[in-house]
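A short write-up of the structure that comes next.
The values are calculated or read from the model by the stated rules, or taken from the named source; none is laboratory data. Computed from a predicted structure; not experimentally measured. Heads up, the Cβs are rebuilt from the backbone with ideal geometry, glycines too, and the neighbour counts pull from every protein chain shown.
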Amino acid sequence: MNKRILLVEDEKPLCLLYEEELSKEGYDVTAVTDADAALEALDKDPFDLIVTDIRMPGKDGIELITHIMGRRRDIPIIINTAYQSYKEDFMTWAADAYVVKSSSLDELKAKIRQLLDR
Amino acid sequence: MIEKFDFKSSELERDAPKEMMLLSIISQSFFQPFSLEDNLLVTLTALTSGSGVGFNRAMLFLREGDRLKGEMWLGPGSAQEAGDIWEVLSTPGIGYIEIVEHNRALVRKNEDTLSRRIRDLVYAAGEGNALIPALASCRKEILLVKGAREEPLVDRRFLDIIQVDEFLCIPLLARDEVLGEIVLDNAITRTPIGPGDIKLASLCGLIAGNYIYSAGLHRKLLDMEKTAAMGEMAMFVTHQIRNPIVAIGGFADQLLQPGLPEDKRERNIRIIREEIHRLEHIIFQMGHFLKVSLKEPVYFDPAPVISSVLDSPEVQAKKPAYEMRVELEDGLPRLFCDPTSFGEVLRNLLDNAFDATPPGGRVSVRGYRKTNGWYVLSVRDTGKGITNPDKDRLFKPFFTTKEKGMGLGLPFIKRVMDTCGGQVEVRSRVGGGALFKLYFQYREGE
Ligand SMILES: Nc1ncnc2c1ncn2[C@@H]1O[C@H](COP(=O)(O)OP(=O)(O)O)[C@@H](O)[C@H]1O
Ligand SMILES: [Mg+2]
């Protein structure tokens with residue numbers, strides 16, 4: 001069975017890009033554009049990994065992680081964001097990886113592979 | 001019965017006692033939107049505004065670090081010029097702005113010959129054994145000098161320049177700190193300086209000192225705000241710029257891979273195009289906002305600027321989808337603002353109105369005179385309106401509720417209106433549209 005990834009990204013073009021590129025890698029991708037939709041999806045389906053942005057309208061990525069930590073500690077989380085500086089925010093330590101968005105998706109893909117093969 | 005007055009009513013009538021006129025004009029420097037130099041020049045003008053009360057010439061020294069440095073010297077060069085200036089200043093109804101403009105013209109015309117003579121006068125500010133004029137500042141005392149040529153405490157170089165026997169030195173103090181000094185004389189009329197003159201001049205000195213002090217505080221505050229805002233801004237801009245770049249790079253990579261179906265190729269190119277548009281928009285908005293200093297306000301005819309904004313391709317493109325109304329009261333007056341900034345302000349308000357209003361809604365622009373001396377230009381829409389918590393944040397840099405917004409439009413508008421001494425007012429209810437009113441100082445057309 002394909003591994004399942006939950007993708008949280010509020011920017012529509014980026015959401016589309018990540019969805020297509022990660023599907024190509026052989027994952028089942030569910031893409032949502034805000035934190036509330038992500039929590040809803042988590043209640044419905046089992047996921048093997050979460051990729052989330054931090055700055056989003058409504059609940060931000062850090063709040064999302066806090067919520068997830070309260071429910072499911074077993075799913076690895078990757079933060080994928082345009083900001084370098086959030087690395088210092090201690091809540092992001094709770095994530096398993098921190099990727100700064102780049103026009104090459106190689107780093108993101110490598111981190112996903114690494115975490116799912118563990 | 002309750003009667004209301006706004007602060008314009010603090011402008012005194014011409015027949016008010018001269019002393020009150022003088023104090024009223026000088027104290028206005030605290031809330032006039034001009035530079036420190038312009039405002040202090042008005043103070044000097046007021047002090048030299050004619051026979052009766054007032055002096056012939058006024059010289060200003062400003063404190064720079066531990067030195068007291070000659071800055072400006074205002075006064076007529078001859079009895080003839082004196083008459084001319086006093087005539088202008090006693091024109092009925094002359095206000096602060098007119099005095100500023102008159103001064104600027106005068107300084108241009110004379111190439112500021114008087115001021116040039118004192119610019120290389122520099123004294124140490126803190127020394128107890130200083131010579132006059134610096135002695136007044138060192139001792140924080142008002143000094144009236146008579147028979148200056150016989151007085152060994154007077155600096156000879158200074159005496160060669162001022163060439164009068166009698167003059168008055170007023171230190172400019174605030175919080176017991178010396179910020180400058182004014183030297184006054186009656187070189188033309190040769191009238192002796194009396195106790196009444198001294199009282200009035202010392203009061204003016206106190207006001208001017210406190211004005212310089214508060215202007216300095218204000219500048220420091222702005223600098224602090226700027227540094228704090230810079231951090232915020234760096235974060236925000238990273239985010240706003242990195243996202244489109246990631247999208248452009250990612251979709252371009254897909255284009256380079258063999259075997260991408262035709263419909264996807266087209267879609268990718270379209271997305272890349274859109275994201276580049278977005279980058280352009282971001283850079284344009286940043287450029288606006290970061291303009292280090294805005295141009296000085298002037299009185300200008302707003303009609304051509306308003307037309308060029310309304311006729312711009314971007315506004316024309318939106319127009320068919322909206323009910324657009326423009327109502328400008330007949331005989332537009334001249335407004336006090338930098339014309340280019342004015343156009344950009346109107347453009348920003350219209351953009352926001354269109355963004356907030358679904359097609360089919362109404363966007364109206366109105367211009368009219370208020371009875372209390374303001375000209376109002378308003379933009380009203382029938383869009384989604386603004387929530388109360390958002391209202392408090394509207395003018396903060398980077399506050400935006402739009403996916404691709406920068407949140408720099410309204411802060412820019414605020415800055416422009418501050419620069420020209422105007423105001424912005426917002427009225428809105430959720431679901432009930434929004435009304436943005438701009439208040440400008442104006443003058444009937446020439
Ligand atoms: N006419 C309006 N109706 C409703 N909301 C408005 C209007 N004008 C401004 N706003 C609110 O103020 C915010 C800031 O506006 P602005 O500073 O122009 O930045 P931007 O347009 O980039 O968002 C907007 O995102 C919007 O929420
Ligand atoms: Mg805007």
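Assuming residue B:296 fulfils every condition listed in (1) touching a residue at least 40 places away in the same chain (Cβ under 8 Å); (2) in contact with a Lys or Arg (Cβ under 8 Å, 6 or more places away or on another chain); (3) under 19 Å from residue B:413 (Cα atoms) apart from one, which condition is it?
Condition not satisfied by residue B:296: (2).
Rundown of residues vs (1) closer than 30 Å to residue B:255 by Cα; (2) touching a strand residue (DSSP E or B) at 6+ places or on another chain (Cβ under 9 Å); (3) surrounded by fewer than 16 Cβ atoms within 10 Å (Cβ to Cβ), yes/no style:
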position: A:5; (1), (2), (3): yes, yes, no
position: A:16; (1), (2), (3): yes, yes, no
position: A:27; (1), (2), (3): yes, yes, no
position: A:33; (1), (2), (3): yes, yes, no
position: A:46; (1), (2), (3): no, yes, yes
position: A:71; (1), (2), (3): no, no, yes
position: A:95; (1), (2), (3): no, yes, no
position: A:109; (1), (2), (3): yes, no, no
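Inside the stretch B:376-394, can you point out the residues that are buried (at least 18 other Cβ atoms within 10 Å of the Cβ), within 15 Å of ligand 2 (Cβ to nearest atom) and either within 16 Å of residue B:425 (Cα to Cα) or modelled with pLDDT under 85 (or both)?
Listed by number, the residues that qualify are B:379, B:381, B:386, B:394.
Looking at B:360, B:367, can you tell me which residue is more than 16 Å from ligand 2 (Cβ to nearest atom) and surrounded by fewer than 18 Cβ atoms within 10 Å (Cβ to Cβ)?
On the way: B:367 fails: surrounded by fewer than 18 Cβ atoms within 10 Å (Cβ to Cβ).
Just a single option satisfies the conditions, and that option is B:360.
For the stretch B:256-264, does any single residue satisfy the condition of being within 12 Å of chain A (Cβ to nearest Cβ), assigned to a helix (DSSP H, G or I) and surrounded by 12 or more Cβ atoms within 10 Å (Cβ to Cβ)?
yes
State all residues of the stretch B:341-399 that are of a type in the set (S, T, N, Q), more than 29 Å from residue B:298 (Cα to Cα) and touching a Gly at 6+ places or on another chain (Cβ under 6 Å); if no residue qualifies, say none.
Filtering the stretch B:341-399 for residues of a type in the set (S, T, N, Q) gives B:341, B:348, B:352, B:357, B:364, B:371-372, B:378, B:382, B:387-388.
Now drop any that are not more than 29 Å from residue B:298 (Cα to Cα), which leaves B:357, B:382, B:387-388.
Scanning the stretch B:341-399 gives B:357, B:382.
Cβ-Cβ under 8 Å, sequence separation 6+ or interchain: first residue in the stretch B:425-446 and surrounded by fewer than 13 Cβ atoms within 10 Å (Cβ to Cβ), partner acidic (Asp, Glu). Which pairs?
Listed by first residue and then by second, the contacts come to B:445/B:301.
If you go through the stretch B:413-430 one residue at a time, do you hit one that is within 11 Å of ligand 2 (Cβ to nearest atom), more than 20 Å from residue B:333 (Cα to Cα) and modelled with pLDDT of 90 or more? Steps first, please.
If we filter the stretch B:413-430 for residues that are within 11 Å of ligand 2 (Cβ to nearest atom), which is where we start, we get B:413.
Still in the list and also more than 20 Å from residue B:333 (Cα to Cα): B:413.
Then drop every residue that is not modelled with pLDDT of 90 or more, which leaves B:413.
Checked the stretch B:413-430: at least one residue is within 11 Å of ligand 2 (Cβ to nearest atom), more than 20 Å from residue B:333 (Cα to Cα) and modelled with pLDDT of 90 or more.
Can you name the number of the only condition in (1) modelled with pLDDT of 75 or more; (2) of a type in the set (Ser, Thr, Tyr); (3) part of a loop (DSSP other than H, G, I, E, B) that residue B:51 fails?
If we test residue B:51 against (1) modelled with pLDDT of 75 or more; (2) of a type in the set (Ser, Thr, Tyr); (3) part of a loop (DSSP other than H, G, I, E, B), just (1) comes out false.
Taking the options B:306, B:271, name whichever one is crowded, with 16+ Cβ neighbours inside 10 Å, away from every other protein chain (no Cβ under 14 Å) and either more than 16 Å from ligand 2 (Cβ to nearest atom) or not in a helix (DSSP H, G or I) (or both).
Numbers: B:271 fails: away from every other protein chain (no Cβ under 14 Å).
Criteria check complete, one pass: B:306.
Quick check on this structure: which one of B:242, B:219, B:156 is buried (at least 18 other Cβ atoms within 10 Å of the Cβ), without any contact (Cβ under 8 Å) to a residue 24 or more places away in the chain and out of contact with any Gly (no Cβ under 6 Å at 6 or more places or on another chain)?
Exactly one residue qualifies, and that residue is B:242.
For the stretch A:48-61, which positions are crowded, with 18+ Cβ neighbours inside 10 Å and more than 14 Å from every other protein chain (Cβ to nearest Cβ)?
The answer is A:48, A:49, A:50, A:52.
Tell me whether the stretch B:278-300 contains one or more residues that are assigned by TED's automatic domain parsing to the domain that holds residue B:360 and under 22 Å from residue B:357 (Cβ atoms).
Looking for residues that are assigned by TED's automatic domain parsing to the domain that holds residue B:360 and under 22 Å from residue B:357 (Cβ atoms), one finds none in the stretch B:278-300, hence no.
Quick one: which helices (runs of 4 or more DSSP H) sit completely within the stretch A:17-118 and have at least 3 residues that are in contact with an Asp or Glu (Cβ under 9 Å, 6 or more places away or on another chain) and at pLDDT below 90? Explain how you work it out, then say what you get.
Working: elements: A:35-44, A:61-71, A:106-117.
Once the helices (runs of 4 or more DSSP H) in the stretch A:17-118 are filtered for at least 3 residues that are in contact with an Asp or Glu (Cβ under 9 Å, 6 or more places away or on another chain) and at pLDDT below 90, what remains is A:61-71.
Just to check your reading of the model, which residue among B:409, B:405, B:373 is in the same structural domain as residue B:321 (by TED's automatic domain parsing), among the small types (Gly, Ala, Ser), under 25 Å from the mean Cα position of the chain (by Cα) and within 15 Å of ligand 2 (Cβ to nearest atom)? Don't jump to the end; show me each part of the working.
Numbers: B:405 fails: under 25 Å from the mean Cα position of the chain (by Cα); B:373 fails: within 15 Å of ligand 2 (Cβ to nearest atom).
B:409 is the lone residue from the list that is in the same structural domain as residue B:321 (by TED's automatic domain parsing), among the small types (Gly, Ala, Ser), under 25 Å from the mean Cα position of the chain (by Cα) and within 15 Å of ligand 2 (Cβ to nearest atom).
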